[in-house]
Amino acid sequence: MPDPRLSRLVLGVTLFRPGPEQVERLCALASAGFAAVIAFDNGGLPAGAAERLARAGVTLLSEGTNLGIAEALNRIAAAAQAAGAGALLLLDQDAEPPGDLAAALLTAQDRLRAAGIPAAVVGPAPAPAPGHKAPAYPPRPGAPGHGDLAPVQFLATSGSLVDLAAFARVGPFRGDFFIDGVELEWCFRAWSLGYGCYQTRAVAIPHRVGGGTIRAFGIAMPRQPLFRMGTYLRNAIYAWRLPHVPLRWKLAQAAYLPLQAGLYWADSGWRPAVLLRLLAAARDGALGRLGPPRDLPRDEPRDLP
């Protein structure tokens with residue numbers, strides 16, 4: 001029987017070229033007892049899938065093109081707020097959430113409220129998926145913890161429970177970041193406004209980023225398409241100018257980003273075109289040239305079997 005607390009919670013899912021299994025997984029979630037299930041199609045939704053999702057009770061949002069993960073999350077949050085929801089559980093299409101994810105996060109949120117700790121977002125512990133590197137969430141120095149609820153600098157959006165009243169205060173995700181670093185910037189902004197980001201060890205969720213892992217010299221990083229790596233590099237460099245991003249984080253990134261870029265270039269086989277794309281991304285970040293990456297793949301709708 002669905003947890004009655006789910007009736008105060010909206011589930012939001014971002015879609016980009018979902019496959020049949022991902023569509024079916026979302027259809028199954030629509031019957032889990034949430035107040036609503038809202039999905040945003042960022043392109044490539046297979047023919048017939050929209051009708052299948054609608055029949056399952058999923059509210060599907062779309063602009064017919066790829067607006068980026070940040071704007072997709074903002075549209076989902078706006079729809080959840082319009083529906084009167086107090087909280088929003090975010091997932092991406094690859095997520096395979098444990099059955100107790102929503103209940104565990106709602107319990108964590110309630111505990112923080114009872115302790116008088118304002119939290120913008122609560123998320124699960126990260127777990128590695130086969131062949132993928134699990135993200136690590138650095139602790140937030142000086143912030144109060146509460147039992148197994150640990151204050152962290154940021155959380156991945158997928159698997160996280162967002163307090164929509166706090167979201168209204170913090171503001172939307174940066175649409176000009178488009179895809180990478182979106183959650184980092186937003187969480188740093190939340191902390192600067194007095195709202196925390198907390199991880200609970202009561203539940204974990206596997207994360208899949210990219211198509212595997214690049215490992216060398218004790219460093220592990222996701223193997224991603226070039227446009228993703230370029231956007232990550234651009235946004236990370238741009239974030240150095242933001243006052244709410246901690247100085248310690250900026251200094252760490254200044255040392256780490258060149259290593260990541262070098263490892264990515266080496267993994268590509270030292271291709272000159274890859275190096276030029278990464279250098280252009282760094283230049284764009286320094287100059288504040290944000291928005292959709294120029295080499296963003298086109299939407300390619302496919303048929304479901």
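Could you list, in sequence order, all residues of the stretch 272-294 that are surrounded by 15 or more Cβ atoms within 10 Å (Cβ to Cβ) and under 14 Å from ARG174 (Cβ atoms)? Give the steps one after another, and end with the answer.
At the first step, the residues of the stretch 272-294 found to be surrounded by 15 or more Cβ atoms within 10 Å (Cβ to Cβ) are 274-275, 277-278, 280-282, 284-285, 290, 292-293.
Selection gives GLY285, LEU290, PRO292.
Does GLY99 satisfy the criteria of being more than 25 Å from GLY285 (Cα to Cα), free of Cβ contacts under 8 Å to residues at least 24 places away in the same chain and among the small types (Gly, Ala, Ser)? Talk me through it step by step, then tell me what you get.
Values: more than 25 Å from GLY285 (Cα to Cα): yes; free of Cβ contacts under 8 Å to residues at least 24 places away in the same chain: yes; among the small types (Gly, Ala, Ser): yes.
Taking the combined requirement at face value, the residue satisfies it.
Just give me the residues in the stretch 160-203 being in contact with a Lys or Arg (Cβ under 8 Å, 6 or more places away or on another chain) and in a helix (DSSP H, G or I), in sequence order.
Going residue by residue through the stretch 160-203, those that are in contact with a Lys or Arg (Cβ under 8 Å, 6 or more places away or on another chain) are 170-171, 179-180, 182, 185-186, 191, 193, 195-197.
Hits for the stretch 160-203 are VAL170, VAL182, GLU185, TRP186, TRP191.
Specify the residue that is modelled with the lowest pLDDT; the eligible residues are those in the stretch 204-218 that are out of contact with any Leu (no Cβ under 6 Å at 6 or more places or on another chain), in a strand (DSSP E or B) and open to solvent by less than 50 Å² (accessible area, probe 1.4 Å).
Taking the stretch 204-218 and keeping what is out of contact with any Leu (no Cβ under 6 Å at 6 or more places or on another chain), we get 204-213, 215, 217-218.
Applying the additional criterion that residues be in a strand (DSSP E or B) yields 204-207, 213, 215.
Those still in the list that are open to solvent by less than 50 Å² (accessible area, probe 1.4 Å) too: 204-207, 213.
Working: ALA204: 95, ILE205: 94, PRO206: 89, HIS207: 81, THR213: 89.
Ranking the candidates gives HIS207 first.
Tell me the helices (runs of 4 or more DSSP H) entirely within the stretch 1-97 that contain at least 1 residues that are modelled with pLDDT under 95. Steps first, answer last, please.
On the way: elements: 20-29, 49-56, 69-82.
Once the helices (runs of 4 or more DSSP H) in the stretch 1-97 are filtered for at least 1 residues that are modelled with pLDDT under 95, what remains is 20-29, 49-56.
Among residues belonging to the stretch 70-86 that are among the aliphatic types (A, V, I, L, M) and open to solvent by 40 Å² or more (accessible area, probe 1.4 Å), point out the one that is farthest from GLY175 (Cα to Cα).
Of the residues in the stretch 70-86, the ones among the aliphatic types (A, V, I, L, M) are 70, 72-73, 76-80, 82-83, 85.
Okay, now just the ones that are also open to solvent by 40 Å² or more (accessible area, probe 1.4 Å), so 78, 82-83.
Details: ALA78: 14, ALA82: 20, ALA83: 22 Å.
Only one residue tops the list, namely ALA83.
Conditions: (1) closer than 29 Å to ALA102 by Cβ; (2) out of contact with any strand residue (DSSP E or B) (no Cβ under 7 Å at 6 or more places or on another chain). ARG271 meets all but one. Number of the miss?
(1)
Quick one: which of TYR195, TYR232 is of a type in the set (Phe, Trp, Tyr), crowded, with 18+ Cβ neighbours inside 10 Å and closer than 24 Å to PRO141 by Cα?
Working: TYR232 fails: closer than 24 Å to PRO141 by Cα.
The match here is TYR195.
Return yes or no: is VAL37 buried (at least 16 other Cβ atoms within 10 Å of the Cβ), under 12 Å from LEU90 (Cα atoms) and in contact with a strand residue (DSSP E or B) (Cβ under 6 Å, 6 or more places away or on another chain)? Steps first, please.
Values: buried (at least 16 other Cβ atoms within 10 Å of the Cβ): yes; under 12 Å from LEU90 (Cα atoms): yes; in contact with a strand residue (DSSP E or B) (Cβ under 6 Å, 6 or more places away or on another chain): yes.
Yes, satisfied.
Of the residues ARG215, ARG201, which is out of contact with any Gly (no Cβ under 7 Å at 6 or more places or on another chain), free of Cβ contacts under 8 Å to residues at least 24 places away in the same chain and of a type in the set (Lys, Arg)?
ARG215
Within the stretch 1-18, restricting attention to residues that are more than 13 Å from ALA95 (Cα to Cα) and not hydrophobic (A, V, I, L, M, F, W, C), which residue is surrounded by the most Cβ atoms within 10 Å (Cβ to Cβ)?
ARG17
Could you please find all residues in the stretch 105-147 being charged (D, E, K, R), surrounded by 15 or more Cβ atoms within 10 Å (Cβ to Cβ) and in a helix (DSSP H, G or I)?
Narrowing the stretch 105-147 to residues charged (D, E, K, R): 110-111, 113, 133, 140.
Subsequent filtering for residues that are surrounded by 15 or more Cβ atoms within 10 Å (Cβ to Cβ) retains 111, 133, 140.
Once the filter is applied, which keeps residues that are charged (D, E, K, R), surrounded by 15 or more Cβ atoms within 10 Å (Cβ to Cβ) and in a helix (DSSP H, G or I), the stretch 105-147 yields only ARG111.
Residue by residue through the stretch 269-290, note down the ones that are on the phi < 0 side of the Ramachandran plot and in contact (Cβ under 8 Å) with a residue 24 or more places away in the chain.
At the first step, the residues of the stretch 269-290 found to be on the phi < 0 side of the Ramachandran plot are 271-287, 289-290.
Correct list: VAL274, ARG277, LEU278, ALA280, ALA281, ALA282, ASP284, GLY285, ALA286, ARG289, LEU290.
The values are calculated or read from the model by the stated rules, or taken from the named source; none is laboratory data. Here the structure is a predicted model, which means the values were calculated and not measured. We place every Cβ from the backbone using ideal geometry, glycine too, and count neighbours over all the protein chains shown. Areas reflect the complete protein model, heavy atoms only, side chains present, ligands, DNA and RNA absent. Shrake-Rupley method; radii C 1.70, N 1.55, O 1.52, S 1.80 Å.
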